[in-house]
1. What is the extension gain from residue 48 to residue 15, computed as 0.36 nm multiplied by their sequence separation minus the C-alpha to C-alpha distance, in nm to one decimal?
2. For a quick check, take a GNM of the chain with Cα springs below 10 Å and name the residue from 16, 84, 66 with the largest mean-square fluctuation.
3. Mind checking which of 11, 29, 20 has the largest fluctuation in a GNM of the chain, springs on alpha carbons under 10 Å?
4. 7 Å from Cα along Cα→Cβ at both residue 56 and residue 80: what's the point-to-point distance in nm?
5. What 222 nm value per residue comes from the helices of the chain, counting each DSSP H run with n ≥ 4 as -39,500 (n - 2.57) and dividing by all residues, nearest 500 deg cm²/dmol?
6. Enter the angle in degrees (range 0 to 90, nearest 10) between the Cα long axis of helix 43-54 and the first principal axis of the Cα atoms of the chain, meaning the one along which they spread out most.
7. With a 10 Å Cβ neighbour count serving as the proxy for reagent exposure, in which order, fewest first, do 27, 47 appear?
8. Relative to the longest principal Cα axis of the chain, at what angle does helix 7-20 sit, 0 to 90 degrees, rounded to 10?
C-alpha cells in the first residue's frame, strides 16, 4: 500500500539510511540536505499534525501531508495548496486548518 510521506519522515529515513551505509547517493544527499533545511517540526509533531488534519472531513492524506510540510500561516497559502485540484474551501474550513497548524508552530 502506498502512502504519502512528510518531509520530516523522509529526513528520518535518510538519516537512518546514512547511519547504516558508508555513504548516501548524490540524490539522497541532496534530498537529505533539502529536508534538513526545510523541516521545522519534529517527526512526532509532524505525524500528530497530519493525524489531526486528517480527522477533518475535508482534508485527505495528500493535502494533510502537504499542509504539514508547508505549515501555512495565511488563508492564501491554504488556498494555494488546494488550487491545483481546483478545490475551493470555504473560509470556515480554511480557518479550521490554520487553527490546527497554529498549535504546532
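Throughout, read-outs are computed from the coordinates displayed, never taken from laboratory work. Every value quoted in this text rests on a predicted model; they were computed, and no experiment measured them. In this analysis, Cβ positions are derived from the backbone assuming ideal geometry, glycine residues included, and neighbour counts consider all displayed protein chains.
1. Value of the extension gain: 9.8 nm.
2. Comparing 16, 84, 66 in the GNM, the peak value goes to 84.
3. Evaluated over the chain, the most mobile residue of the options is 20.
4. 1.7
5. -20500 deg cm²/dmol
6. For helix 43-54, the angle is close to 30 degrees.
7. Listed from fewest to most nearby Cβ atoms, that is 27, 47.
8. 10
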